[in-house]
1. Exactly one condition in (1) farther than 16 Å from M1 by Cα; (2) modelled with pLDDT of 95 or more is not met by I44; state its number.
2. Tell me which residues, restricted to region 74-86, are part of a helix (DSSP H, G or I) and buried (at least 16 other Cβ atoms within 10 Å of the Cβ).
3. How many residues does region 50-73 hold that are on the phi < 0 side of the Ramachandran plot and surrounded by 13 or more Cβ atoms within 10 Å (Cβ to Cβ)?
4. Looking at E98, is it loosely packed, with under 14 Cβ neighbours inside 10 Å, touching a strand residue (DSSP E or B) at 6+ places or on another chain (Cβ under 8 Å) and outside any helix (DSSP H, G or I)?
5. Here are the criteria: (1) more than 12 Å from the chain's Cα centre (by Cα); (2) part of a loop (DSSP other than H, G, I, E, B). Tell me which single one N104 does not satisfy.
Amino acid sequence: MEYRGVHMPSGQQVFHFGPIQGTNNIGEFLAIVHAMALMEQKGIGIPIYSDSRTGMAWVRNRKAKTTLARTPETAQALDLVARAEKWLREHPSHAAVEKWDTENWGEIPADFGRK
């Protein structure tokens with residue numbers, strides 16, 4: 001699992017993390033929270049786009065409903081999930097997250113072109 005954030009107007013990669021052992025849904029969730037934290041830190045107030053309904057729901061609920069078992073290989077991903085959930089609880093106000101319209105806009109640029 002890996003994720004990244006892309007600045008839409010420029011197409012420039014803003015952040016990248018991974019690969020580590022995890023799931024796509026965890027990666028989508030972590031990418032959204034990473035973008036939120038970065039935007040808060042930099043005082044940027046633009047929407048965040050995601051094509052993951054699951055990731056967006058986990059953010060909205062401030063809880064990742066992953067069933068990934070904790071093993072030595074998955075511990076890093078699950079620790080990051082716990083950290084992201086804590087950040088969401090401590091920052092109830094954050095950037096808006098909007099659904100990427102894949103049908104009309106094509107694949108989201110943050111994907112790695114593996115679909």
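1. Among (1) farther than 16 Å from M1 by Cα; (2) modelled with pLDDT of 95 or more, I44 violates only (2).
2. Going through region 74-86, the residues part of a helix (DSSP H, G or I) turn out to be 75-86.
The answer is A77, L78, L80, V81, A84, E85.
3. Restricting attention to region 50-73, the residues satisfying the condition of being on the phi < 0 side of the Ramachandran plot are 50-61, 63-73.
Narrowing the set further to residues that are surrounded by 13 or more Cβ atoms within 10 Å (Cβ to Cβ) leaves 50-52, 54-59, 63-64, 66, 68.
Qualifying residue count, region 50-73: 13.
4. yes
5. Failing condition for N104: (2).
For every residue, the table says whether it meets (1) under 24 Å from S10 (Cβ atoms); (2) part of a helix (DSSP H, G or I).
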site	(1), (2)
I32	yes, yes
Y49	yes, no
G55	yes, yes
K63	no, no
T67	no, no
P72	no, no
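The values are calculated or read from the model by the stated rules, or taken from the named source; none is laboratory data. Treat the numbers as computed from the prediction; the structure is a model and nothing was measured. Note that we place each Cβ from the backbone using ideal geometry, even for glycine, and neighbour counts take in every protein chain shown.
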